[in-house]
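The values are calculated or read from the model by the stated rules, or taken from the named source; none is laboratory data. In this text the structure is predicted, and so the values were computed from the model without any measurement. Quick reminder, even Gly has a Cβ in these numbers, built from the backbone with ideal geometry, and neighbours come from all protein chains shown.
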Amino acid sequence: MVEVLRRIGVDLDFLGDQTCCGQPAFNSGYHSDAKILAKRFLSLFDRDDYIVCPSGSCTSMVKIFYKELFKNNPEMHEIIERVSLRTHEFSDFIVNVLKMKDVGAYYAGKVTYHDSCHLLRELKIKDEPRKLINSVKGIDFIEMNNSDSCCGFGGTFSIKFPDVSVSILDEKLENIINTGAEAVVSADMGCLMQIGGALKRRKIPIETMHLAELLASDRG
Amino acid sequence: MGLYRHDFNKESDKALKDENLQKALRFTTDRFRERRKTAIAEVDNWEDLRSIAREIKKETISRLDTYLELLEENIVKNGGIVHWAKDADEATKIILEIALNGKVKSVVKSKSMATEEIELNHALNNAGIEAIETDLGEYIIQLAGETPSHIIAPAIHKTKEDISKLFSEKLKIPYYTEPEDLTRIARDKLRQKFLMADMGVSGANFAVAETGTIVIVENEGNARLTTTLPRIHVALMGLEKVIPRFEDLALFLSILARSATGQKMSSYVSLISGPKRKSEKDGPEEFHLVLLDNGRSNILASDETRESLYCIRCGACLNICPVYRKVGGHSYGWVYSGPIGAIISPQLLGFDKAPDLPFASSLCGACKDVCPLKIDIPKVLLELRNRVIEENRKMNRVGVRTFESLGIKLWRLSMQSPRVYMALITLAYYVQKLWNRGNGHNITLLPPPFSQWAKNRDLPVFAKKPFRKRWDEIKDEQVWE
């Protein structure tokens with residue numbers, strides 16, 4: 001992400017004190033733990049800059065679910081509004097804020113794209129990653145069947161109900177393999193861990209790539 | 001709630017290993033998804049219809065007492081009798097009493113999830129009254145002694161071959177394999193039951209308050225027969241099914257049929273306003289409407305989860321759900337399955353009976369997008385998860401969740417301190433070498449509870465130099481111009 005954003009002229013800073021937005025606790029029902037981390041995130045990031053995050057899931061936590069988490073804490077609403085307005089998922093930032101599609105990437109190969117659930121259904125970001133992928137020079141982009149269906153990760157769901165999770169994943173892998181792509185691209189670490197974890201375990205030679213990795217690529 | 005089974009992992013494990021079920025689930029949910037998609041594409045203003053329907057339901061539920069009283073008033077005006085049942089026991093008692101007063105020996109039933117919810121057949125049988133399900137799917141599962149596995153298609157877990165075998169064994173007939181033959185046999189058997197029955201029991205898809213009309217949609221004609229042939233008709237309906245005005249009905253019929261089966265309109269829509277009138281030749285002599293609460297007013301009392309009551313039981317969320325598609329209906333342990341089951345079962349039954357259900361979702365949100373009433377199921381799931389955790393905390397119960405809450409707390413504490421966080425990921429880099437029997441690029445073994453991950457999936461290795469250390473080296477590099 002650093003490489004891509006610098007390539008297109010973005011001045012970057014990284015706050016070394018940042019940790020987690022609190023989503024794992026929130027999604028598991030531990031709201032008081034989540035609130036502590038959410039407050040920490042909000043005060044750390046309450047600055048004038050744009051906040052860019054390479055994950056649909058973390059971004060939707062900040063932009064959508066912080067309001068839910070603090071629905072009974074009106075004193076928090078202002079800071080949430082302020083921070084969440086400036087927070088953007090990586091592809092959303094490039095396409096909708098910077099109004100760019102071609103970031104000067106080169107990748108000679110066939111790739112497919114998996115829509116991560118939170119990016120697609122919470123943040124409604126569907127076309128942005130596709131625009132960026134299609135603008136990569138040399139790329140052969142192919143849509144998979146049901147690209148918008150869940151990969152089965154779901155955070156702690158993947159550990160609480162491992163067999164159901166992997167069974168959902170099986171169908172996702174089937175759709176990925178059927179495209180004949182050599183790499184599957186997505187914009188969420190959770191999905192990539194889930195999909196990549198099974199591809200590796202089964203020794204299936206398909207690479208998993210974050211959208212930022214693809215856009216950083218200049219391999220011929 | 002005797003049939004309640006609550007170990008989601010255990011139940012779903014059976015389903016995952018059942019190859020026939022896996023095939024049936026995939027085939028049926030694909031077909032339902034496809035049909036729904038086609039049916040809503042025919043409507044220009046589908047999103048508007050959803051919004052209008054939601055607004056109507058929202059207003060109705062917010063003044064539910066008023067609308068239910070209006071409904072009662074109008075049903076009574078039409079010559080019907082209205083009963084209020086606070087729970088399953090009371091509803092069963094009311095229906096049994098109607099049956100005993102009417103000297104009922106046999107009952108025919110059209111499809112009704114509410115009667116499944118109160119286990120009415122069981123109670124009728126115990127009282128020596130025969131109760132026969134007349135919807136083909138329900139008839140099949142009644143013969144098999146099972147419960148519905150889908151809100152609108154109760155027998156989707158059964159293949160054609162399963163049904164051939166079941167019919168031949170239970171009905172003592174030759175082994176027929178053609179669906180046409182099987183349907184003909186069911187129809188012959190059921191026609192006799194219809195003619196003999198003293199009482200018909202149905203559910204209700206909607207009840208129109210201003211006219212005192214209950215509305216039943218179906219595709220087989222069995223509900224029409226159930227509600228017109230026997231001399232007594234009893235309809236059991238959850239409190240939330242009321243709609244205010246007759247003019248609202250067209251909208252609800254359309255969104256229900258399109259979302260459920262992908263039809264423009266169901267084959268049969270019966271509008272029933274009371275018993276037979278003096279001028280009429282057909283119809284029952286008595287008409288009873290039983291309004292079932294059974295936990296619904298608890299949902300009504302909660303601002304956070306009230307929208308669970310907007311549901312019109314179309315089943316679209318089941319068909320789109322990646323979890324339902326794999327585990328089927330029975331894994332959810334009660335009559336309501338899929339995403340809607342995961343939110344209403346724990347609220348109607350209590351968390352002690354359904355503690356797993358709010359967690360049995362990947363929160364992918366596909367259900368919210370297909371719901372004709374735009375019920376934000378993921379949001380309600382998140383709220384219920386929090387309630388489960390809070391309830392556990394208050395009761396100080398020791399169990400798996402004690403370890404989980406301790407784990408979350410330790411994790412949260414480490415996330416509050418960048419230094420601890422840094423130390424942990426550095427430590428993880430060294431520790432992973434002990435566990436790692438993989439190729440050096442992936443972790444293949446993990447300690448519990450993460451061992452559940454590593455059973456079927458690798459994990460990327462922790463970096464030797466975490467990003468926050470690398471950042472110190474690259475932060476002063478020039479922006480490319």
- Only one of these conditions is not met by A:Lys99: (1) of a type in the set (D, E, K, R); (2) assigned to a loop (DSSP other than H, G, I, E, B); (3) in contact (Cβ under 8 Å) with a residue 24 or more places away in the chain. Which number is it? (3)
- Query: Does B:Trp453 satisfy the condition of being in a helix (DSSP H, G or I), in contact with a helix residue (DSSP H, G or I) (Cβ under 6 Å, 6 or more places away or on another chain) and either facing chain A (nearest Cβ under 9 Å) or at pLDDT 85 or above (or both)?
  - Reply: yes
- Message: Within region B:252-271, take every residue that is touching a helix residue (DSSP H, G or I) at 6+ places or on another chain (Cβ under 6 Å) and of a type in the set (A, V, I, L, M, F, W, C) and give me the one that is surrounded by the most Cβ atoms within 10 Å (Cβ to Cβ).
- Response: B:Ile255
- Only one of (1) farther than 30 Å from A:Asn178 by Cβ; (2) within 14 Å of another protein chain (Cβ to nearest Cβ); (3) surrounded by 20 or more Cβ atoms within 10 Å (Cβ to Cβ); (4) under 19 Å from the mean Cα position of the chain (by Cα) is not met by A:His88, so which one is it? (2)
- Residue set A:Cys21, A:Cys58; condition under 30 Å from B:Ile425 (Cα atoms), of a type in the set (A, V, I, L, M, F, W, C) and not in a helix (DSSP H, G or I); output residue A:Cys21
- Exactly one condition in (1) closer than 23 Å to B:Ser414 by Cβ; (2) more than 13 Å from chain B (Cβ to nearest Cβ) is not met by A:Lys101; state its number. (1)
- Task: Only residues in region B:379-397 that are within 9 Å of another protein chain (Cβ to nearest Cβ) and part of a loop (DSSP other than H, G, I, E, B) count as the first member; pair them with residues that are among the hydrophobic types (A, V, I, L, M, F, W, C) and crowded, with 20+ Cβ neighbours inside 10 Å, Cβ under 8 angstrom, at least 6 apart or cross-chain, and list the lot.
- Result: none
- What is the residue count in region B:357-367 for residues that are in contact (Cβ under 8 Å) with a residue 24 or more places away in the chain and either under 29 Å from B:Ala41 (Cβ atoms) or among the aromatic types (Phe, Trp, Tyr) (or both)? 6
- Task: Run down B:Pro418, B:Pro448, B:Pro378 and say which single residue is of a type outside the set (A, V, I, L, M, F, W, C) and farther than 26 Å from B:Val323 by Cα.
- Result: B:Pro418
- Note on the structure: In region B:411-433, anything in a helix (DSSP H, G or I) and either within 10 Å of chain A (Cβ to nearest Cβ) or touching a Gly at 6+ places or on another chain (Cβ under 7 Å) (or both) is listed as B:Trp411, B:Arg412, B:Leu413, B:Ser414, B:Met415, B:Pro418, B:Arg419, B:Val420, B:Tyr421, B:Met422
- Task: Please state which of the following conditions A:Phe141 fails to meet, knowing it meets all the rest: (1) assigned by TED's automatic domain parsing to the domain that holds A:Asp188; (2) touching a residue at least 60 places away in the same chain (Cβ under 8 Å); (3) more than 30 Å from B:Ala360 (Cβ to Cβ); (4) among the aromatic types (Phe, Trp, Tyr).
- Result: (2)
- Residue, farthest from the chain's Cα centre (by Cα), within region B:301-319, restricted to residues that are buried (at least 24 other Cβ atoms within 10 Å of the Cβ) and within 14 Å of chain A (Cβ to nearest Cβ): B:Asn319
